[in-house]
Amino acid sequence: MGLVNLHTHSEFSFYGSLIRIEDLVGFCAFHGYSGAALTDTLSTYGFFELTKLCEREKLKPVYGIEIFVIGDSGLNRYPILLIAQNTNGMRNLFKLNTIAHHLGFKKKSYAVTLDILKKFSGGLAVLLEAEIVMNIRDMTYLKRVRDRYTDIFGERCFLEMNYTGLKKVSAMKELIDVNNTLGLTPVASCEARYFPGDKDAFVFLNGHRLRTHSGTERGFPIDLDSDYVLKKPDELRQVFKNHPDYLENAEKLVESIDIRFDLMSFKIPSFNKNPNKLREMCKSRCARMKLGKEYDERLMYELSIIEDLGLQNFFLIVWDIARFMRKSKIPYGWGRGSSVSSLVLYLLGVTKVNPVENNLMFERFLNPGRKQLPDVDIDVCWRRRHEVFEYLASRFGPLNVAHLSAIDRMMARSCIREISKVFRLNKQKLEKLLSIIPYSFTSEILIPRLIDDNPVLNVLYRNDAEIKHFLDIAKKIEGIAGHTSVHAGGVMILPGGISRYASMEHSRDGHQVAELTKDDLEDTGFIKIDVLGLRFITIIYDTMKLAHIKKIRANDPAAYELLWDGDTTGIFQLESGGMKTLLEKIRPDTVPRLCDVISLYRPGPTRSGMTDEYVRRHRKETEFTVDKHIAHITKDTYGLFVYQEQVLAIAHDIAGMSWARADKLRKALSNRTPAQIMELKEEFLKGCAENRIETDYAENLFAILMDFGRYGFNKSHAMAYAYAAYSGAFLKAHYSREFFICSLNNNLDFISRLNEYLNDVKMHRLEILPIDVNKSDLYFKPEENDIRAGLALVKYLGKKTAKAIAAERMLNGPYGDLIDFYIRMRDKGINIKSAEYLVKSGAFDTLGRHSRTELLSALPQLFGLSADNLKAVRESREPSLFNDNSAHITIEDLLQKIGSDDDQNGFRTDLEMEMESTDLFLTHHPLDRFAEDMAEFRVDKIIDSRYLEQVSIIAYFYKLRVIRTKREKEHMAFGMFSDTTGILEAIIFPAVYNEYSKILKNNAVYLAKGRMEEGKLIVEELFLFERIIRDEI
């Protein structure tokens, strides 16, 4: 028998442990444990990773969970450990955790009742400690506790002798004495939450846990005076040297575990019993499309691999999803990922890019040596994505379909920001650290590298004891699992029920979410399909519908000219300033060349210089030769390695590696795994030698792959997006007004993007007509040759009321004035707040001579009319010979005060009201009057700020908010900057605020300089632009 520590928490106890599962399994393997146990709090997230790693290290995985049960008194909640002993126990573990999360979602308490525990107790062992220790002086109570659990679990009920340091010794002695009466079987454990040397960091992580999970069982108190270090086997034996039977009992419990947790066999629902159904469908479609011999050969090749791997039903399931979307008229994209390379999927209508015509490599998607299911990802209309999920649930059963989870980790900046609150780091020091730590979208660990490489941080670390202490803590916490969210599009289908392999949680909108991630399902036999809602797909569909066209014309000169001009705002993948510049340089005249552009505009190729070299070769600004051995692979990219498929082709064609081994090399180069790379290099060189390739040449070729292989992009993926981008360019070139309308309507929730698109509309000499209660519908719409803004833009109005305004107008005619509007809409959702913002938006500007200020003054009087008065007013306005006009009132009658403004001030006031009511400058922008002056300044645009570290902008400042800091009681400010390309949140810290407070005001134009942090501008310098152009600065 072998030893396993039965009580171990990993990072998936979420702020309750610093132990990563990979490190846990490595520790257990290195120090001679026979297995590795995982007993996270209300979490089974680590089970797949534990299974894979234990199989690699030849250890026995022990699956457990810490769950909470309502105590005998019915008042308190006590943690217990449940250990799965067989497959049935594993499933019950998942079910109990699912129920606990359901209770947490509904009742804000995760604790289950004993009846629930009894119902799903089969195949489980229970380890008791907390309820007994916390009531150790009440033997009558303890006997009831014992009886409750032994009635359910019998001999599978154990007393956990959980040693957590010297402080626990006296309690454990009492526990031993009590157990002489209770007679439970004791098992040894040492609760583990961190590795040696990490206790200081865990203290602060636990502090963050208590801040995050206060009020629920996830915030269960942990005694920080105890020792939760992960112990070696010899240390565990030393702890229990006087009670070897406790260790023996633990070993017997582990020995009794017999679980078959199969991750690798393909788990595909039986979709069609005819094994030839897929072949028949594809051959029929290929013949109908008259594609020719080359396609027949490619089809037979693909089908042979698919059939050898037994994947026919998998492909039919994906076809069925596409068939449903076509039948339901749900727009979906050209494809995504390596699945675009499959002719079978193209014939089935799942993808829309011809893989033969575009020279796409099927082996990047599927090869004979693949041991896991391939990935098929589908971009769908963002408004109707939920229909696809609903269809999958109805087609395969709601218990067999679930969304995947995503793990949000505490990366460098969030780690420093959150842990500083517990550490109580000086605010100025925090700001200094945040100014050094870059914002990153990757999972790269930054803090240790930055301490070494960044001279400013290095000096701070060496010279400031508090910062050194803080960063030493942060280094240990950075990258730890923080919380979970729903994966953007991942959905899994599992015949026989998800609960056989995972616990379930509820998303905020009530959807089932499996405690599994996309990474968990990598290299397994589980069906995972990415159904990603993409707004650009909807924009293309909506534009074609509005323009009354059914096809995108291929090779259209106007579309390519638009790309060459960099006129790509609103076009998927092509919107950034750097991309526009690259388009102008390369001037793509085919979709494959556009595919190159999309693949080259990424950090790796750009930083390495490959993008610039491609441009020089494309423009014939430099001489180059394409190596004869690899010319057939790299001639289209001027001898450069741009695509992952090129790495595959070289490994297969030049080194003679199998497709499976070539794909392994591709992954190793992409992930930069040295051990695998060296192993595969030997195989690569040996294969080259067998193919009579000179050793020096082969060494050099592999070195090139090492340099550029990690930058390689998925050509199939890029090609699908190139077709989507070309389609957008075609529509924008020929149907610009329709394209703009649909782009605006599909981005109403993104104010910065709307500002950018509105500016682009004006650049194309189209006018945005203002909101008008007599002309606007819910959304933007065409009106004559221009675009009318919609009522949905008005804050506090709501879509339901906006629809009612348009419907009432359609039914009973235009509104006469504000009073008529109120009479007709009073019972249909309008209130004084929504009416106020309608007035501010200019929605009543065409209904009379009164200014917005006057109408706003009239609103309280109008809404203050009694029901009887309102009825009389309504009747007085209805045409009749017998009306009593004495009840008739006008705006003048309602006004308490009539003011007047000069034109310039009125114009600016209306602009400010427009911004206040919609967060947009619809008709004009305050910067318009500075256009000529601004042309003399080289400044950044807000749209490009997200790609910059330091920015300098000329922008309109509004939404100023000044606060006092809690600790130092200093003033600081927040606000928004707007230019014609977007909006940007600004933070002005105390030191800068003190310097510029005298010129800081709302609704003014500034030249602002500062640094970007997490998408916000940290202002460092500020100048009133009007004073600059008057030469006052």
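Annotations
- Adding -39500 (n - 2.57) for every DSSP H run of four residues or longer, then dividing by how many residues the chain holds, sets the calculated 222 nm ellipticity at -14000 deg cm²/dmol.
- Calculated from the structure at hand, Kirkwood radius over Cα pairs in Å is found among (1) 37.5; (2) 33.5; (3) 35.2 as (2).
- Order of 704, 630 - criterion: other Cβ atoms within 10 Å of each residue's Cβ, fewest first: 704, 630
- Alpha carbon convex hull of the range 693-796, volume per residue in cubic angstrom: 153 Å³
- Over the range 552-727, volume per residue of the alpha carbon convex hull, in Å³: 118 Å³
- Note, ³J(HN,Hα) from phi for the range 612-619, Karplus 6.51, -1.76, 1.60, rounded to Hz, x at Gly and Pro: 5, 5, 4, 4, 4, 5, 5, 8
- Between 0 and 90 degrees, the angle of helix 659-671 with respect to the longest Cα principal axis of the chain falls at about 70 degrees.
- Two-site label geometry, residue 832 and residue 696: point separation in nm, points 7 Å out along Cα→Cβ: 9.0 nm
- Take the Kirkwood radius over Cα pairs of the range 308-353, plug it into Stokes-Einstein at 20 °C and 1.002 mPa s, and you get 196 µm²/s for translational diffusion.
- A simple count of charges around residue 828, restricted to other residues whose Cβ falls under 12 Å of its Cβ and scoring Lys, Arg +1 and Asp, Glu -1, yields +3.
- Protection proxy ranking, peptides 836-842, 816-822, average beta carbon neighbours within 10 Å, highest first: 836-842, 816-822
- Per-residue extension of 0.36 nm, minus the Cα-Cα distance of residue 936 and residue 166, leaves a gain of 269.9 nm for this segment.
- Rounded to the nearest 10 degrees, the inclination of helix 577-586 to the longest alpha-carbon principal axis of the chain is 90 degrees.
- FRET efficiency for the pair residue 181 and residue 23, taken as 1/(1 + (r/R0)^6) with r the Cβ-Cβ distance and R0 = 35 Å, rounds to 0.30.
- Additional length obtainable on full extension of the chain from residue 151 to residue 1014, 0.36 nm per residue less Cα span: 305.1 nm
- Stokes-Einstein D (µm²/s) once Rh is taken as the Kirkwood radius of the range 926-1029 over alpha-carbon pairs, at 37 °C in 0.692 mPa s: 237 µm²/s
- Förster radius 60 Å - calculated FRET efficiency between residue 243 and residue 967, Cβ distance, rounded to 0.05: 0.75
- Qualifying GluC sites (Glu not before Pro) in the range 610-672, DSSP loop, other Cβ atoms within 10 Å at most 13: 621, 623
- Virtual paramagnetic centre 7 Å along Cα→Cβ of residue 107, amide N under 19 Å, in the range 53-72: 66-72
- Per-residue extension of 0.36 nm, minus the Cα-Cα distance of residue 255 and residue 817, leaves a gain of 194.0 nm for this segment.
- Within the shell defined by Cβ-Cβ distances under 11 Å, the residues around residue 199 carry a net charge of -2, with Lys and Arg each +1 and Asp and Glu each -1.
- Here's how it looks for residue 376: its modeled amide H is under 5 Å from those of 530, which are all 5 or more places away or on a different chain.
- Take the Cβ atoms of residue 114 and residue 277, set R0 to 51 Å, and the FRET efficiency comes out at 0.50.
- Ascending count of other beta-carbon atoms within 10 Å, so fewest first, for 436, 598: 436, 598
- Applying a threshold of 27 Å to the alpha-carbon distances of 277/329; 795/959; 106/167 flags 106/167 as lying beyond it.
- Highest average packing first - 65-73, 177-185, Cβ atoms within 10 Å: 65-73, 177-185
- Simple point charges give the picture: +1 on the Cβ of Lys and Arg, -1 on the Cβ of Asp and Glu, and for the chain a dipole about the Cα centre of about 2020 debye.
- All-pairs Cα distance distribution in the range 411-479, expressed in whole percent, bin size 5 Å: 3, 18, 33, 30, 13, 2, 0
- Environment charge at residue 12 (Cβ cut-off 10 Å; Lys +1, Arg +1, Asp -1, Glu -1): -3
- Of the GluC sites (Glu not before Pro) found in the range 355-435, those that fall in a DSSP loop while having at most 13 other beta-carbon atoms within 10 Å are 357.
Laboratory data are not the source of any read-out in this text; all were calculated from the coordinates shown. This one's a predicted model, so the numbers in the text were calculated from it and none came from an experiment. Glycine gets a Cβ as well: all are built from the backbone with ideal geometry, and neighbour counts include every protein chain shown.
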